[in-house]
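Notes follow the structure.
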Amino acid sequence: MSKLIIVPTPIGNLEDITLRAIRILKEVDLILAEDTRHTAKLLNHYEINTRMKSHHQFNEHKTIDGIVNQLMSGELIALVSDAGTPGVSDPGFLLIRACIQNGIEVECLPGATAFVPALVNSGIPSDHFIFEGFLPPKKGRKTKLEKLSQEPYTVVLYESPFRLIKTLGQLMEYFGEDRQVAVCRELTKIHEETIRGTLRQVLTHFENQTVKGEIVITISGKK
């Protein structure tokens, strides 16, 4: 039966995968992986021998038609990203949309994604929040920051360790240095860390050290 199954994978700790996800990765005809070398580590850990094919942001426009044809011929295909849930700040949306447009069934398993544990662990209200993913690197960044600074709801962002200091500085400029923030890095890994405080306090903390690991920033809404 043709179907595309979206399978979340661990964001760090390899134990953070469901029994159902492991079973499906063993049963499908093909696994579409953002980086086959990275996904191979997960598959080897769970003794999964399913063949893989590369599907990432740089080739997805070229590969979608072929994948849709494979699905329409009756193949069962799983889509994974390097970490977390495909389509959430990772490739996936374009293929999912193409499948829906062609009448192909799409199923998404529940599972790991970085912003949920970071948000819950922040100590900042999580009943209403805005997830923005990565900020625009250049064009539209100022406009986006101005808009987000006025939101009454908690704001959640992704960031790389290389841009963290710059981003915290810009957040302090637009949100004010006393706005509460939590920066979570290395989620689910040995060196997981959450630093909480005002934007000024958290920026000062990270200015004095080398930053490593993927970052989730949670900022309180405007009062």
Exercise for the section: Let me know the Rg and Dmax you get for the chain when you use only its Cα atoms, in Å. Expected result: 19.2, 57
Problem - Quarter of Cα convex hull surface for the stretch 50-102, i.e. mean projection, nm² - result: 3.8 nm²
Handout entry: Gaussian network model of the chain, Cα within-10 Å springs - most flexible of V155, V181, V116
Key = V116
Exercise for the section: With a cut-off of at most 16 other beta carbons within 10 Å, and DSSP calling the residue loop, which GluC sites (Glu not before Pro) in the stretch 24-130 qualify? Please list them. Expected result: E47, E75
Handout entry: Against the rule of thumb 2.2 N^0.38 Å, how large the Cα Rg of the stretch 1-99 comes out
Key = 0.98
Practice task
Would you calculate a helix-derived [θ] at 222 nm for the chain, using -39,500 (n - 2.57) for each DSSP H run of n ≥ 4 and dividing by the full residue count, to the nearest 500?
Solution key: -10000 deg cm²/dmol
Exercise for the section: Could you provide, to the nearest whole Å², the per residue accessible area of the chain with probe 1.4 Å? Expected result: 53 Å²
Handout entry: Percent carbon-and-sulfur accessible area, the chain, ignoring ligands, DNA and RNA, probe 1.4 Å
Key = 51 percent
Problem - Partners for K142 among aspartates and glutamates (Cα-Cα distance below 20 Å; same-chain residues under 8 apart left out) - result: E132, E151, E159, E173, E177, D178
Exercise for the section: Pull up the cross-link candidates among the lysines for K147, meaning alpha carbon to alpha carbon under 30 Å and not fewer than 8 places away within one chain. Expected result: K138, K139, K166, K212, K222, K223
Problem - Magnitude of the charge dipole, the stretch 47-166, Cβ model with Lys/Arg +1 and Asp/Glu -1, debye to 20 - result: 720 debye
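The values are calculated or read from the model by the stated rules, or taken from the named source; none is laboratory data. Values in this document were obtained by computation on a predicted structure and should not be read as measured data. FYI the Cβ positions are ideal-geometry reconstructions off the backbone, even for glycines, and counts take in every protein chain you see. Heavy atoms of the whole protein, side chains included, go into the accessibility calculation; ligands, DNA and RNA do not. Shrake-Rupley method; radii C 1.70, N 1.55, O 1.52, S 1.80 Å.
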